[in-house]
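A short worksheet on the structure shown next.
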Amino acid sequence: AALSSLAPTGYTRNEQAQAVVKLAPALAKAAAAAVATSPARARIVAATTIAGMIPLLDAPTGQTIAETVKKELVTATETIAQAAVTGFVALAAHPSLEVRKRAVEFLARRKEAEAQAALVFALSDRDPDVCKTALSALQNLDNPTAVAATLKLLGSASLWSLRTNAARALGRIVSATTSNKTVEDALAKAATTDTYALV
């Protein structure tokens, strides 16, 4: 209650958004430190950057935010997310299953080489749930290494659930991008030869 009473009030959503934009460099440093020190704090950083900052603005929702400020807020959010990537790469190898899964969910949305490399590594995680999380996060064919790892899972994973998720991921990728004969052929082969019907 004491802290709440100290919080500034009376500012519009536009003004609050402008404040976040100005604080972006400091918030980026804080986000990197948070991810490096605590999986719980990392979860907050992931949720905040994935959802964007607008839901966090503490002002009546009916108020508008100028389009230029919205664009700046998107850029600020990206700056914060970029600063957190290295920390999430480390968390992708954390002993806790849940921490690894949350890290993979964040990294799958990133284009940085280290994030994509961690995503590929997650496809061979010792826990099938982490592999499934990585498979569900695959969105495109921009990462040939990830596609190759997914094709390998489709063809040789011992668990039918992994093969099914691999097929689903590849099917989603093909439907959203230009034709890829290698992927299409692998899907056709799995559909006609896999011993498990769901695959």
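Remarks
- Among Ala36, Ala118, Ala84, the largest mean-square fluctuation in a Gaussian network model of the chain, built with springs joining Cα atoms closer than 10 Å, belongs to Ala36.
- The range 92-189: relative contact order in percent, alpha carbon pairs under 8 Å with at least 6 residues between: 21
- Rg to Rh, two decimals, where the range 88-186 supplies the alpha carbon set and Rh follows Kirkwood: 0.95
- Across the accessible surface of the range 45-135, with the other protein chains kept in place and a 1.4 Å probe, carbon and sulfur atoms take up 59 percent.
- Among (1) 14.6; (2) 11.1; (3) 13.9, the entry derived from the coordinates for mean projected area of the Cα convex hull in nm²: (3)
- Annotation: per residue accessible area for the chain equals 57 Å², rounded to a whole number [probe 1.4 Å, protein chains only].
- Highest-first arrangement of 3-9, 188-194, where packing means the average Cβ count within 10 Å: 188-194, 3-9
- Each peptide in 119-131, 66-78 receives the mean, over its residues, of other Cβ atoms within 10 Å, and ordering these scores from highest gives 119-131, 66-78.
The values are calculated or read from the model by the stated rules, or taken from the named source; none is laboratory data. Model, not experiment: these values are computed from the prediction. Cβ atoms come from the backbone with ideal geometry, glycine included; neighbour counts cover every protein chain shown. Calculation scope for accessible area: heavy atoms of the full protein, side chains included, ligands and nucleic acids excluded. Shrake-Rupley method; radii C 1.70, N 1.55, O 1.52, S 1.80 Å.
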